[in-house]
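The values are calculated or read from the model by the stated rules, or taken from the named source; none is laboratory data. The structure displayed is predicted, hence computed values, not measured ones. When we count neighbours, we look across all protein chains shown, and the Cβ atoms used for this are built from the backbone with ideal geometry, even at glycine.
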Amino acid sequence: MRQAKKYSGILSGGGISKRNGPHLLPLARIKKIMKNSSVDVKMISGEAPLVFSKACELFIEELTRRSWNMTIQGKRRTIHKEDVACAIAATDVFDFLVDLVHPNNTSNHVEDLEKKL
């Protein structure tokens, strides 16, 4: 069973409040995306976009960390599209994004980095 982490209090008053919380992503845009995801989605509670917002933040942070590792392995200080693509290719959890990024020689780049390790 999963243990409660530092984000477990998001909706219980410990983190993000309904109207004036520290939203880094626009809740109206998230709600619009949710409604456009399916014709069956008619109603969305006020808390659902908050949870999606936090999930998106965590997703971006994780993908950035993995991309940064690729950047460091390439002995650079700026994250490039290829670094993001390599992070996606090297992580099974991000397989659903593989078709979105088409870097030049991503698989070769990942293999080169793996050889260096």
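Within the stretch 75-88, the residues that satisfy the criterion of being of a type outside the set (V, I, T) and buried (at least 18 other Cβ atoms within 10 Å of the Cβ) are E82, D83, A85, C86, A87. Condition first: modelled with pLDDT of 95 or more and not in a helix (DSSP H, G or I). Can you find one or more residues in the stretch 46-57 that meet it? No, there is no match, as no residue in the stretch 46-57 is modelled with pLDDT of 95 or more and not in a helix (DSSP H, G or I). Here is a check on your reading of the model: is G14 small (G, A, S) and at pLDDT below 60? It is true that G14 is small (G, A, S) and at pLDDT below 60.
Suppose we filter the stretch 17-45 for residues that are at pLDDT below 50 and within 23 Å of E61 (Cβ to Cβ); how many remain?
Initially, the stretch 17-45 is screened for residues at pLDDT below 50, giving 17-19.
Subsequent filtering for residues that are within 23 Å of E61 (Cβ to Cβ) retains 17.
Counting residues in the stretch 17-45 that are at pLDDT below 50 and within 23 Å of E61 (Cβ to Cβ) gives 1.
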